[in-house]
1. Out of 127, 60, which single residue is at pLDDT 85 or above and among the hydroxyl-bearing types (Ser, Thr, Tyr)?
2. Confirm whether residue 157 is of a type outside the set (Lys, Arg) and modelled with pLDDT of 80 or more.
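The values are calculated or read from the model by the stated rules, or taken from the named source; none is laboratory data. Just so we're clear, the structure is a prediction, and the values are computed from it rather than from any experiment.
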Amino acid sequence: MHNEETALDLVQDAMLRLTEKYSGRPVAELPMLFQRILQNAIRDFYRRQKVRSTWTVLFSSLTGGDDEDGDPLETLGAAGESNLLDTPHEHLERYQVVELIDKEVKKLPPRQREAFLMRYWEELDISETARAMGCSEGSVKTHCFRAVQALAGALKAKGIKL
């Protein structure tokens, strides 16, 4: 971990999971269980970062600034001050692309849209998404994959390269 705060958050989350799920176990087993829980938390963190990075790169052309907290599907009216130096033509293009992405997300089948939004916009992990949707983790992966493929295909068909 390069960020100490993130590392501490992961350790704290691992401790909470240990106490929630394994408090009845013998004390001698706890160090090994904690180590495994922490390793899994770190792996999950890096997997989520990889997915977020992929979408951040794909949608970075839409944000027009360095605002990490910005939502690329926001309308131009809610855009940050970093867009003030853009030309009207760039504003219009960005607005049109954002509107197109929003329309394409709305066209997705309900389960794909639900899985896509939970995973990539709400940043829930696979197990949390599966619980929220009432399905298996494999179904969540399948719905997300199909949603991403459908969105990429729709955007490509309209000549948009992200």
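1. 127 is the lone residue from the list that is at pLDDT 85 or above and among the hydroxyl-bearing types (Ser, Thr, Tyr).
2. Taking the combined requirement at face value, the residue satisfies it.
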